[in-house]
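Just below is one structure, and these are the notes that go with it.
Just so it is clear, none of the values below were taken in a lab; they were calculated from the coordinates. This structure is a prediction, so every number in the text was calculated from the model and none was measured. Positions of Cβ are generated from backbone atoms using ideal geometry, with glycine treated the same way; all protein chains shown enter the neighbour counts.
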Amino acid sequence: MTLRKLRDFILDNERDLHDRLFVLIMSATVFSWIITLIEIIITGTDTLLVLALLGGTILLSAVSVISIKLNKIKVGSLIISLGVCFVYIPVTFIFGGGLNGDGPLWFMYGIIFINMCLSKRIRIALLCMYVIELKFLWTFDIKHPDIIVQNSVEAAHRYSFMAMILIGIMISIVLGCWTLLYNREVERSKLQKQEIETLNKAQNSFFSSMSHEIRTPINTIIGLNEMILREKISDEVAEDAINIQSASKLLLSLINDILDMSKFASGQMELMPVTYNPGNMLTEIVGMLWHKAKEKGLEFKVDVSPDIPAQLVGDEVRIQQILINILNNAIKYTKEGSVVFSIQSGPVENGSVNMIYSVTDTGIGIKKENIPFLFTAFKRVDETKNRHIEGTGLGLSIVKQFVDLMNGKITVNSVYTKGSTFVVEIPQPVAGEGQIGQIDIENNTNARRRLANATGFEAPDASVLIVDDNESNLLVISKQLRNTKAQVETAMSGEEALRKTMNKFYNVIFMDHLMPEMDGVECFNAIKSQTGGLCKESKVVALTANVSPDTMQYYMSEGFDGYISKPATREDIEKELYRLLPKDMIYVSGDEEQILEETISWMKVNKKKKNVMITTGSVADLPKEIIEKYGIAVLPHLVVTEEGNFLDGIEIETNGLLDYMATGKKLTTKAPEVSEIELFFAKHLSNANNIVHISISSQLNNTGFYAAKEAAKAFDNVTVIDSGHLSSGQGLIVIEACRLAEKGLSPAEIVTYIEKLKTKVHSNFIVDNMDFLAKAGQVNMSTANFARSIMVRPVLKMKNGKMKVGNFYFGSKERAWRKYIDSVLRYPSTIDKRICFVTYVGLSNRDMNWIREQINKRIRFEEIYFQKACPVIAVNCGPGTFGLLTRDAGKV
């Protein structure tokens with residue numbers, strides 16, 4: 001390799017920096033060895049050493065060239081590092097005078113060599129080996145100086161001096177080249193950054209221009225269509241016009257998605273919060289999408305909670321965009337059934353409220369393995385099945401980024417082939433104290449025709465000028481203002497506008513920005529400084545298709561009195577005109593409450609969704625009145641008999657089960673399958689934003705905990721808790737979780753509390769005999785027979801999630817029961833006296849009355865529930881079993 005090629009290789013920015021450094025230090029090393037070789041030849045050193053150094057130089061050069069040619073530089077670096085550090089340097093040390101020669105200087109070079117040539121773990125490993133080698137050579141020289149070839153003092157000084165000069169030169173060359181390469185890389189990075197910034201500016205300029213060009217014709221379509229809807233037209237024409245309106249706005253939404261992806265990519269996306277009416281926003285959304293659902297034969301339901309604040313502060317446009325994307329997806333991927341759009345709010349805290357929007361469909365659902373990719377741009381899950389469904393793949397990616405930008409969260413719950421639920425939560429400040437209130441108007445057709453209603457005000461004495469270089473825009477805005485009876489004039493250029501403002505005063509001027517020759521900002525400044533002009537005090541509104549996060553701020557800083565983005569609706573134009581005109585020029589013809597009612601008349605208010613629903617298994621042994629009081633959803637376990645499978649507590653009761661067991665037939669219990677639990681969760685998520693499922697202990701046989709955990713993976717807002725208990729001990733935990741949910745605690749807070757509570761709940765049962773335990777496989781039959789013969793009654797208790805035998809009581813049933821009750825209620829001051837469960841199998845009324853009497857003698861509980869144990873418990877324990885299930889007093 002020639003010196004020119006060597007230089008070109010080292011300075012080639014396209015090559016890996018590590019490879020260039022390798023070539024650099026190899027070149028410096030070969031150069032130093034050649035100089036050393038010349039020195040020892042001149043000084044007449046041993047011929048053997050000359051040959052050794054010559055061979056080493058040739059070998060080093062050959063390995064370097066081969067490594068570069070074969071593009072195996074990492075392998076070559078390792079081989080050469082091993083050779084230099086573990087062959088050349090030790091030989092130099094031994095034959096060059098040891099510590100009295102130039103060896104220590106070459107040791108330092110070896111460390112630099114390893115660090116420059118190798119990387120990561122190999123470098124660290126080799127450095128450790130090298131240090132061990134140095135320690136060995138140092139020790140060897142001290143203990144065996146006779147083996148080291150000693151040079152004369154003059155030779156030692158000469159070698160040390162030459163080594164110092166050579167190593168200094170090599171280090172200078174390496175560091176100089178390193179600095180040069182580093183500076184070149186920095187310059188290259190700066191240049192690339194400038195190129196990227198230039199490209200981003202060009203891209204943003206293109207998208208901005210495209211936005212302007214596309215929005216202009218859409219503005220004409222939407223505006224003229226509004227005019228049609230305001231006329232006296234047939235129902236058929238009205239329906240066609242409504243469909244045009246919906247399609248135009250969906251097209252606008254799609255354009256916004258494409259533009260927004262570019263803004264997110266360049267880090268320029270910003271929110272523009274305003275005070276808005278959620279009723280108006282929801283009206284707009286449903287008006288855009290109801291026909292699309294109708295075309296597919298889908299039922300489109302909208303449920304709105306009455307306590308939503310009437311005024312919120314947020315980026316209305318972006319929130320609307322989020323909801324349109326999710327609803328559009330729901331309709332798109334649902335062939336039959338329904339789409340339910342639910343809106344509610346959490347409690348107002350510190351002037352802010354958590355708005356919760358959920359969309360539930362009966363569509364194709366999403367596979368669990370696809371959910372992680374759901375919010376990836378341009379990625380469409382289950383591509384084979386969805387190949388015929390139109391879409392860009394941008395919608396949900398944009399939704400996720402907007403929700404994150406608003407400090408909100410989005411969760412997905414889906415059962416494949418059954419449907420999906422998307423829940424979006426966005427915190428928003430509240431403006432004012434009003435609420436939407438109770439609204440229950442079934443017919444929403446008139447609301448969709450709301451555009452045909454009369455204008456809410458008239459201003460016949462007002463004079464308005466519209467400046468735009470597009471005739472269609474002038475026509476649309478003029479017609480949009482027609483019902484206000486204002487005196488409207490138009491100008492197609494800045495020059496024409498200046499001629500008009502010179503001779504006439506206009507109360508309000510709507511000014512387009514991008515116009516040829518003189519743009520809107522220049523025209524605005526000319527009007528304000530026009531010598532002899534009559535419109536220096538006129539209100540000027542920027543009406544433009546330019547849309548970006550800082551657009552409003554830009555126009556306000558220029559001095560404009562308002563800003564409206566195209567396509568502008570009649571409401572947008574009229575609202576701005578109403579705001580800017582003197583109040584004595586306005587004659588109000590509408591009522592604000594009436595307008596609000598028309599705005600939200602399509603809404604149908606159903607029962608408000610719970611923020612957190614508590615669910616559990618049928619083995620929790622909860623009384624019916626508690627289940628109904630807290631709205632607890634119960635997942636039944638299965639009882640497997642020779643005649644078939646029966647749902648615990650629904651298709652088979654404990655008494656019937658005991659009768660069946662008396663026949664001697666075999667039966668077992670079984671937890672629900674994952675697919676059954678998924679359907680259970682999906683069903684109840686239609687009534688709740690989150691589910692906390694309290695499961696039976698994971699340590700028991702046939703537990704449903706692991707199946708519930710697996711099922712929860714299909715949902716973002718289902719949490720499964722291992723109660724560590726069973727029966728009513730599990731039920732006590734469920735009740736406490738319900739109380740926490742009613743207080744408004746989040747799922748995470750409930751989980752934290754329950755984890756602490758588990759150790760304070762006590763689950764135990766006294767069993768009449770061990771026969772059923774033996775049949776269930778808990779103990780062997782010989783043990784059961786022996787226990788029955790000596791009249792022993794075991795107590796089963798939960799400890800660390802496992803069922804264990806805690807004690808034995810001998811003698812008559814009454815004596816054993818009394819001893820058991822004494823042991824459970826021994827320390828009344830430590831027991832929570834609000835509630836006590838007596839869960840039993842096969843007890844008579846006389847037995848239950850006796851047990852209640854014994855409990856009351858010891859502790860007066862506020863509530864004592866006698867709860868028949870579920871069949872799953874009965875199968876394992878048998879008749880004559882009961883348990884006192886309590887929790888400790890005091891805070892958790």
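Odds and ends about this structure:
- Shown here are the Rg and Dmax of the Cα trace of region 39-198, at 19.1, 71 Å.
- In this structure the amide hydrogen of VAL415, modeled in the peptide plane, comes within under 5 Å of the amide hydrogens of ILE366, none closer than 5 places in sequence on its chain.
- Residue pairs, from the table LYS5/LYS74; LYS813/LYS891; LYS72/LYS190, whose Cα atoms sit over 25 Å apart: LYS813/LYS891; LYS72/LYS190
- Lysines whose Cα lies under 23 Å from that of LYS479, excluding same-chain neighbours fewer than 8 positions away: LYS232, LYS249, LYS500, LYS504, LYS539, LYS566, LYS575, LYS583
- Phi angles of region 805-821 translate, via the Karplus equation with coefficients 6.51, -1.76, 1.60 and θ = phi - 60°, into HN-Hα couplings of 7, x, 6, 10, 10, 9, x, 5, 4, 5, 5, 5, 5, 4, 4, 5, 4 Hz per residue; Gly and Pro are given as x.
- Whole-Hz Karplus values for region 403-418 come out as 4, 4, 5, 8, 6, x, 8, 10, 10, 10, 10, 8, 10, 4, 6, 10 Hz, taken residue by residue from phi with 6.51 cos²θ - 1.76 cosθ + 1.60 and θ = phi - 60°; glycine and proline positions read x.
- Under 17 Å from LYS193, Cα to Cα: lysines that are on another chain or at least 8 residues apart: LYS201
- By average C-beta atoms within 10 angstrom, highest first, the peptides 858-864, 617-623, 814-820, 141-147: 617-623, 814-820, 858-864, 141-147
- Region 306-315 - phi-based ³J(HN,Hα) in whole Hz, Karplus 6.51/-1.76/1.60, Gly and Pro as x: x, 9, 5, x, 6, 9, 10, 10, x, 7
- Over 30 Å (Cα to Cα) - which of LYS709/LYS743; LYS368/LYS799; LYS670/LYS857; LYS802/LYS868; LYS683/LYS743; LYS418/LYS758 fall in this group: LYS368/LYS799; LYS670/LYS857; LYS418/LYS758
- Packing order of peptides 100-106, 331-337, 610-616, 175-181, highest average first: 610-616, 100-106, 331-337, 175-181 (average count of other Cβ atoms within 10 Å over each peptide's residues).
- Residues whose placed amide H lies under 5 Å from that of LYS799, excluding near-sequence neighbours: LYS804
- For VAL353, residues with placed amide H under 5 Å, excluding near neighbours: GLN428, VAL430
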